[in-house]
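The values are calculated or read from the model by the stated rules, or taken from the named source; none is laboratory data. Quick caveat: nothing in here was measured; it's all calculated off a predicted structure. Cβ placement follows ideal geometry from the backbone for every residue including glycine, while neighbour counts extend to all protein chains displayed.
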Amino acid sequence: MTSEKEIIRLLTEFIVNEVAPARPARAPAPNDPIVESGLVDSLGLFKVIGFVEDEFSVKVAPEEILMENFATVNAITRLIRAKRPA
């Protein structure tokens, strides 16, 4: 099972390397707003969802695609942990 720290690291690396329109000066902290800051746009959000589903073997339902679940790396991590078996 992937630890919370590892989930945060993997998400942050994916966002910085694969989603951000330009490489940020620094990686976002777990509580930094990633959509509000422009680091992830609407297309990038779907890339993040695909990554989450593939990397962590969870299915994100359409009703779960809410800003509260994808506003920060910590929010995405909470969603992943809630969807994974204990």
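Could you check, for segment 71-80, whether at least one of its residues is modelled with pLDDT of 95 or more, closer than 18 Å to N17 by Cβ and more than 9 Å from the chain's Cα centre (by Cα)?
No - not one qualifying residue is present in segment 71-80.
Does I65 satisfy the condition of being surrounded by fewer than 19 Cβ atoms within 10 Å (Cβ to Cβ), among the β-branched types (V, I, T) and out of contact with any helix residue (DSSP H, G or I) (no Cβ under 6 Å at 6 or more places or on another chain)?
yes
Return only the number of the condition from (1) small (G, A, S); (2) at pLDDT 95 or above; (3) surrounded by fewer than 18 Cβ atoms within 10 Å (Cβ to Cβ) that A25 does not satisfy.
Of everything listed in (1) small (G, A, S); (2) at pLDDT 95 or above; (3) surrounded by fewer than 18 Cβ atoms within 10 Å (Cβ to Cβ), A25 misses just condition (2).
Starting from segment 7-30, take each residue that is within 16 Å of G50 (Cβ to Cβ) and list its partners that are small (G, A, S) and part of a helix (DSSP H, G or I), counting only C-beta distances under 6 angstrom and pairs at least six apart or across chains.
V19/G44
Quick one: which of T2, T77 is touching a Pro at 6+ places or on another chain (Cβ under 9 Å), surrounded by 11 or more Cβ atoms within 10 Å (Cβ to Cβ) and on the phi < 0 side of the Ramachandran plot?
Answer to the selection: T77.
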